[in-house]
Structures are given as structure tokens and as C-alpha cells.
1. Nothing charged except the Cβ atoms of Lys and Arg (+1) and of Asp and Glu (-1): what's the magnitude of the dipole of the range 157-240 about its Cα centre? Round to the nearest 20 debye.
2. State to the nearest 20 debye the size of the charge dipole of the chain about its Cα centre, where the only charges are +1 on K and R beta carbons and -1 on D and E beta carbons.
3. Work out which GluC sites (Glu not before Pro) in the chain are exposed loop sites (DSSP not H, G, I, E or B, at most 15 other Cβ within 10 Å) and give the longest gap free of them.
4. Need one word for the range 390-446: rounded, prolate or oblate. Basis is the Cα gyration tensor (sqrt eigenvalues a ≥ b ≥ c); a/c below 1.5 gives rounded, then a/b vs b/c decides.
5. Would you work out which of 137, 210, 410 lies farthest towards the positive end of the dipole of the chain? Charges go on Cβ: Lys and Arg +1, Asp and Glu -1.
6. With 27 Å as the limit, write out which pairs from 116/347; 182/203; 203/320; 370/404; 73/462; 53/425 have Cα-Cα distances beyond it, or answer none.
7. In debye, nearest 20: dipole of the range 3-181 around its Cα centre with unit charges on the Cβ of K, R (+) and D, E (-)?
8. Between the range 57-121 and the range 184-226, how many Å separate their Cα centres?
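Read-outs throughout are calculated quantities, based only on the coordinates presented, and are distinct from any laboratory measurement. Note that this is a predicted model, so its numbers are computed, not measured. Note that each Cβ is placed from the backbone with ideal geometry, even for glycine, and that neighbours are counted across all protein chains shown.
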Amino acid sequence: MSRQQIEKVGWDFDHSYIKLPKDFFAQQSPIAVSNPKLILLNEPLLKFLGLNKENLSPEAWSNIFSGNEIPEKAYPVAQAYAGHQFGHFTLLGDGRAVLLGEQISPNGERFDIQFKGSGQTPYSRRGDGRAALGPMLREYIISEAMHALNIPTTRSLAVVATGDSVIRDEELPGAILTRVAKSHIRVGTFQFASTLNDVNKLKILADYTIDRHYPACKEKANPYLAFLKAVIERQALLVSQWMHVGFIHGVMNTDNMSISGETIDYGPCAFMDRYHPETVFSSIDRQGRYAYCNQPPIAQWNLARFAETLLPLIDQDTDKSIQLASQSVNSFSEQFQKTWLQGMRQKIGLFDEEASDVNLINELLVLMQKNKADYTLTFRHLSSDAILEDTIFKDVSFNAWYKKWLHRIQKQTEGEEASRLMMLKHNPAIIPRNYLVEKALSTAVNDQDYRFLNDFIAALQKPYEDLKVYNEPPLDEDTSYQTFCGT
Ligand code: AMP
Ligand code: MG
């Protein structure tokens, strides 16, 4: 492919991250692959980023999104970071990813363009630097579904099969995912900065991140405390949004928590079918550390680790700094509860607020757990007569709850119909259910048949439409479903 052709793509890279001290990255090009083949290309996202789709053949895209042809303006680096993994501190870094640069979109926003699975880097430790096709398609499906659900997330621009195998428990086809993010600065990036024992470098990272993601903090009396508070606020909102749709991240290590407030690092994540607060899918999470109901306290734990890194910047007096940071971290629970309740009120059609609403919501959740009700469909069905056909409706306690709830929405000035319309907008019909994700992956990976994968991705773009097949719960109990990390 000619240089002219690559430049036609429309990359408009800037490179602000590499102006940080050299400790924060290592120059690293993607390592060429044998036979790249484009599997998925996100056309709306291409357009949004100002990348031209015209006149380029699938071969040309395959070369671009495999890293076999690197755009002239790219300056690929692997980023350094650290993190608490299941509570244990480790030095990490991009072991299988490189940042090509920051694309400035036509509307002036800045997005990291990162290849995941692009070969070894100085941070690979014992890893091969590669990724398997199944998990990269999985990240594409779920991140794009999250985006359609209006939940802040990194996005997926393309998946290219490399033509090379990767060895896991078995030999699998390799792939590269192109990930788009507001940035890849993580809680773990700040933890890494702390290990440098150089307050100046920490300050440079903090100033850079504030400029990039939280510029309003610069005007505050204590910009670093304001920064901490702003990050806490975004995480409280993010995790409450996960809880509203039954999303379980699965590996909330501090290196997998983005400072910008986007969901990042889709590994063993999954959506819950039947409601149970202790649901956990990840095969390596034997203690349930990252179970559905533990997500808020774990987010707070991670934010405490983040706050610790900022202590030298918040105040010169360590005691005062600790006091201010602790106060902020402690406010997480209240903030989470507030945004969670706001969203749950919308899910059951409440416009106004009553003190007893929280009980009304919790009673419903208890009844859903008792009746092994499908989390997504129970809320969806509540907005129409469909609920009358659900098994949960046969439960007399649910019946009593239902009457109480009807009474509550009927007495609002907006009226019952307005409530039902609001519920339809806040309760998705279609989520990336595990059995459907598995079907999309197995037909794509084992049979090279991409039809179901593409149809499923299209259906997930319209989560609030009751489209048959995609909105159905699994037939069998899904309790044995397991997801895997680091593949
Ligand atoms: P993750 O579980 O995806 O958040 O990754 C944890 C750490 O392991 C990160 O530093 C990754 O870059 C690294 N890692 C995961 N898979 C590989 C691999 N195949 N080769 C090298 N590093 C990897
Ligand atoms: Mg990670």
C-alpha cells in the first residue's frame, strides 16, 4: 500500500502524552503480523474520528489496523503503569499494546488510538504480547454495547485477525483490536508515578491529566484536591450506571480504572441474567472480590489508592493532606448512593422523590432474587402488561409490591403513561447476554461465519427496541457461565 493511501485515512495525530518524562512510556512499534484480515470495522466511529472510509480496500484497512503499515504521523509507545491486582501491588505497563497517537476528531476532541495485541513491549514480562481473536471480538461487542447504553467507555474501532496463532490452553487465532479512549491514564499510572519518588514527576502527570480531563480544577483553590473529588464523582456515576444495567466488570484492579471515568479493559466482564447480588463470572475471582454487589466498595478502595498517590500534592502538611483526601474518599458512598437511586427511580418510572423510594426499590430487588427473575427483562416488562406473564407475578409478595408501585406512579402529576414511557427509555431490552456473545464468538472464530456477529452488534446499537431473539433470556440456567482473564 502506498504512503499516499495511508495518509488518505485522515489521521490527525498529536502526541501530548510523550511530552511527559520518559519514565512514563517506552518507544515501541507494533510488531508485524503474517496475514492481516479485517474482521470488524466501526464505520460510525471512523466517521466521528474524521477517518475517511472512501477509496480504501479491506486489504488497506487490514494493513493499517494490524500495524503492518504505520501512519507517518504516528509515534508508537507502550505506556508504563502499576496497579493493585486483586489487592497486590505490581509494576505493569502495556505488555501487549501500543499507543499510536492521539487523534484529534473533527469536533476538536482528543482520543487515544491504541492497538491491543500488537506484540511484545518492554513491559511484557513473560507474556507473548498478543491477543486471541475471541477476546478481542468480545471487547468490541461489549464496549460498543456499553456505548449504545450511554455508559462512558473506551470504544472499538476495528478487529483484525493476524494470521498468526497464539498459544493459550490451546492454539487460537490471533487478533489486534484498535481501541479508542479519552486517554489510557489509569489509577495505576499515578501509582507508577509514586514509585518514582519524585514529586516533580508526579506533579507533571497530575497537571497533564487535569489539563486533559478536568481543566475546571485548575481554577479551584486547591486544584489537586478538586481533581481527586472530580475523579471520585465520575467513578461514582460510572459504577452506578454499571449497576443499573447489571454489568459486572470482573477485574476492577487499579490498573483497570481509568482516570477519565470510562469503563476500560474488557476482560472477564459480563452482564447478569438472573438477579443475584453476588453474581461473579470470572474464573479467577474465587473470593468474589469483584462480584456485582462489591463493585461500589471496590471502586472506593481503588479511589483510596488513587488518593494516596496525590497526598504530596494536596497539602505540604501530611496530616492535613490525609484528612482532606480521606474526607473526599469517604464521600464516595453517599455520591454513589445518590446517582444509583436517581437511576433506579427512572427504572421504575418515578419522577418525584419520596423517602420510601429506596425501600420500594430494594423490596423489588429482594423479590427478583427470590424468584430468580431476569434482571433486564423484569424492569423492561414492568413498563407494560408483559409483567403479568412473568413467573414473578405469581408470587403473592410480588403482587403486593406491584400494587404498591402502581399506586405510587399513579399519584404522580405526570401520570402513569409518562412513567411507562420514561421506563422504556431507561430499561434496555437488549444487552450482550452471555449465551448470545458466546454464539457470536463461536460462529466467528470456529466457522469464520461473521453474520450472527454483525447482526448482534447491529441489534446492540438499539438497546431500547424489543427485537426478538436478541432480547430473550437464556433457556437453561446460566449459573455455570465463566469468563476468563488475560487471553
Ligand atoms: P489485564 O488483565 O488485561 O488488565 O492485563 C494485566 C497486565 O498484563 C497488563 O500489564 C497487560 O499489558 C499484561 N498482559 C496481559 N496479557 C498479556 C500478554 N499476552 N502479553 C504481555 N502482557 C500481557
Ligand atoms: Mg488491564
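1. The dipole magnitude comes to about 520 debye.
2. Numbers: 50 positive and 59 negative charges, 115 e Å.
So the magnitude is around 560 debye.
3. Working: sites that count: 54, 72, 109, 170, 278, 353, 354, 414, 465, 477.
That would be 171-277.
4. Since a/c reaches 1.5 but b/c is at least a/b, the shape of the range 390-446 is classed as oblate.
5. 210
6. The answer is 116/347; 73/462; 53/425.
7. On the way: 18 positive and 20 negative charges, 46 e Å.
Here the range 3-181 has a charge dipole of around 220 debye.
8. First find each Cα centre; the distance between them is then 21 Å.
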